[in-house]
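To start, the structure under review is shown below, and the notes come after it.
The values are calculated or read from the model by the stated rules, or taken from the named source; none is laboratory data. It should be emphasised that the depicted structure is a prediction, and the values quoted were computed from it without experimental measurement. A quick note on method: Cβ atoms are made from the backbone with ideal geometry, for glycine too, and the neighbour counts reach across all protein chains shown. For the accessible areas, the whole protein counts, side chains as well, though only heavy atoms, and no ligand, DNA or RNA atoms are used. Shrake-Rupley method; radii C 1.70, N 1.55, O 1.52, S 1.80 Å.
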Amino acid sequence: LHFVGAGGAGIQMLPAYSLLSNKSTLPVFLDQPAELVLSNSVNLRSSSIVVIPSVSGTTVESLEALRFARGLGATVITLTGYDDSPLAQEADATFTNFAADDTSSESFYIQSYLVALAVLDKRAGLSFAPLDVFLNVVGGLRMNEPAGDLAVAAALASSVYDQALPSDAVFIGE
């Protein structure tokens, strides 16, 4: 699984990357689009899944990465702000969350978590299908810091296994 993104949209992939790389044995990679194409990564192959975020859906490097990955036979999922964008149109699957402007990528970290939950279900046997998954951060803060991923993973596992976490436990880490 490759998370491939540029700029702020790419940074929003960090929580899902961190969750999967720390809580599964699935090979997970975090790549910059141009570097992925130029380096011809040995980890990218026809069995790979590539997730590419771009609010505008027109980021040149992301389009090149999509075409490169598809040329190798990889499955490409895009997260975009516009379903009629070139990136959305050329992907195997796309999640569109309308963006008020081309700088709004706040929702991508949520979408990347949805991808992570789906991968954990499929590859690690942690099924969230019968559950309603809610993530609430005290005080309404936005959780953009990967150090919170361990706490989220612990809470999710607690829910799946129906086992309460110790009341005196603190979870901090990437």
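Descriptive notes on the structure:
- Other residues lying with their Cβ under 14 Å from the Cβ of Gly71 contribute a combined charge of 0, Lys and Arg counting +1, Asp and Glu -1.
- Charges were assigned to the Cβ only: +1 to each Lys and Arg, -1 to each Asp and Glu. The resulting dipole of the range 20-93 about its Cα centre is roughly 320 debye.
- Ranked from largest to smallest solvent-accessible area, with a 1.4 Å probe on the protein heavy atoms, Ile172, Ile49, Ile11, Ile77 come out as Ile172, Ile11, Ile49, Ile77.
- Accessible-area order (highest first, 1.4 angstrom probe) of the listed residues Thr96, Thr78: Thr96, Thr78
- Other residues with beta-carbon under 12 Å from the beta-carbon of Leu36 carry, at +1 per Lys or Arg and -1 per Asp or Glu, a net charge of -3.
- Anisotropy class of the range 14-83 from Cα gyration tensor, a/c 1.5 cut: oblate
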